[in-house]
Amino acid sequence: MIVRQKLRQVKARLDKEVDLRNQTDEIDVEKLDPLYVAHQYQDEWVSLICALFAYGNVKAIVRFLESLDFSLLDASEKQIDTALSQHYYRFQNTQDIKALFIALSRLKTHTTLEAIFKEAYNVSHNIFDGINALIEALQLSNPYNSRGYAFLIGKPITKTKGNSCMKRWLLFLRWMVRHDRIDMGLWSDILPRHLVMPLDTHTFNVSRKLG
C-alpha cells in the first residue's frame, strides 16, 4: 500500500512537470537545444544529423548545426566535398562530416530512414534491432571508417551497456516516434512505449531524488 501511494505521488509530480514543459515555447532560440534546429526542417534526415551531433556544449552543438547546409543531402558528392571542406566538430574532422552526408545522400535516393528502421523493428518490436539496421545501412551506403566516424554513428550492438552513441540514437527515435508539442512524431506505427530512456548522470540523480 505504501509503495503504491509513493508511486501515485511520483506520477503526479512527473505529470505536472510534463504539463509544464510540454509547450511549444520550450523550443526557441533562447532555450538552446539541437531539437530547435531539427524543428525548423521537420525532416527525418536533418533530425538524424542533429541527434548524432548532440553531444558536448549545447551552444557549440547548435552553432555547428546552424552552420550546415542541409540541402547538400540532395546535392552531388562533389558539391558535398566542396561545401563541407572547412567543417569539423569536436571528435569529427572534415572527412567524417563529409562521410555522413554522403552516406545519407546515397540512402535518400532510394529509401527512407523510417523504412529501414521499420523493416527490422516490425519483426521483433525491439527498437535496438531498428537502430542496428540504420547503423548497418549507413555503413553499407558509405564504407568509410575512422575513430571520429565510429564515435558519431556507432556500431551495431548486441547489448546496450557501454555504447556511447546509443543515447543519441534514442534521442532521435524520441523525436520521430512521440508526437506532442516538443517531439515531432514524423514516423507512424511505432509504439511510444517501446522507446527507452537512457540512464546518464542527470537522469540517475533525478531518479534517486524521486525515490
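Meeting the requirement of 3 or more residues that are buried (at least 17 other Cβ atoms within 10 Å of the Cβ), the helices (runs of 4 or more DSSP H) wholly within the range 56-130 are 58-66, 94-108, 113-124. In the range 100-112, the residues that are in contact (Cβ under 8 Å) with a residue 12 or more places away in the chain and among the small types (Gly, Ala, Ser) reach residues that are buried (at least 16 other Cβ atoms within 10 Å of the Cβ) and in a helix (DSSP H, G or I) with C-beta atoms within less than 6 angstrom, at least six apart or across chains, in these pairs: ALA103/LEU138; ALA103/SER141; SER105/LEU73.
Residues that are exposed (fewer than 14 other Cβ atoms within 10 Å of the Cβ) and either under 19 Å from GLU17 (Cβ atoms) or among the charged types (D, E, K, R) (or both) within the range 185-197 comprise ASP189, PRO192, ARG193, MET197, listed in sequence order. Just one of the listed residues (ILE182, ILE157) is over 16 Å from ALA133 (Cβ atoms), modelled with pLDDT under 95 and surrounded by 15 or more Cβ atoms within 10 Å (Cβ to Cβ), namely ILE182.
The values are calculated or read from the model by the stated rules, or taken from the named source; none is laboratory data. These numbers come from a predicted model, not from an experiment. Backbone-built Cβ (ideal geometry, glycine too); neighbour counts: all protein chains shown.
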